[in-house]
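Rule-based calculations on the coordinates, nothing more; no lab input. Bear in mind the structure is a predicted one, so any value in this text is a computation, not a measurement. Using ideal geometry, Cβ is built from the backbone for each residue, glycine included, and neighbour counts are taken over all protein chains shown.
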Amino acid sequence: MDTARLEEFRDELQRLAAQIRAADAQTAAERAPVELDQQAVGRLSRMDALQVQAMAQEASRRRARELRRINAALARMDEGEYGYCLECGEEIAARRLELDPAAPLCIKCASGD
Ligand SMILES: [Zn+2]
């Protein structure tokens, strides 16, 4: 992979990481502990609040996983190993990286063949 192409993928990975961090910051309030003894809040709406919190926490875990994938891809870039499958060492198809620049495996290894 040539340097210009590599830099495009780096930009894209950094853009994705920034997007994820922004989304996480925006939803921080939803993940905060739910007040348990708020009498103004009825039982149903407390359950709603707990559900919103649970969903927000799951979304946050998903974002954390995605950030780890992105950071791992950026680290591979620094080591000159970006674009090569972690399992078999073959080049990962450019089209696959365009869809998912953090992809650590080639399509063959990812599909378990
Ligand atoms: Zn592979």
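Structural remarks
- Environment charge at Gln19 (Cβ cut-off 11 Å; Lys +1, Arg +1, Asp -1, Glu -1): 0
- Between the Cα long axis of helix 43-78 and the first principal axis of the chain there is an angle of about 20°, rounded to the nearest 10.
- Angle in degrees between helix 3-26 and the longest Cα principal axis of the chain, rounded to the nearest 10: 10
- Residue order, fewest to most surrounding Cβ atoms within 10 angstrom, among Asp48, Asp78: Asp78, Asp48
- Rg over Rh for the range 1-97 works out to 1.22, using Cα positions for both radii and the Kirkwood form for Rh.
- Using the Cβ of Arg61 as centre and a radius below 15 Å, the other residues enclosed give a net charge of +3, where K and R count +1 and D and E count -1.
- Relative to the Cα centre, the charge distribution of the chain, modelled as +1 at Lys and Arg Cβ and -1 at Asp and Glu Cβ, gives a dipole magnitude of about 480 debye.
- Charge context of Tyr84, other residues only, Cβ under 11 angstrom, K/R +1, D/E -1: -4
- Modelled this way, with points 7 Å down the Cα-to-C-beta line, the labels at Leu99 and Ala59 are 2.5 nm from one another.
- Where GluC sites (Glu not before Pro) in DSSP loops with at most 15 other Cβ within 10 Å are excluded, longest remaining stretch of the chain: 36-78
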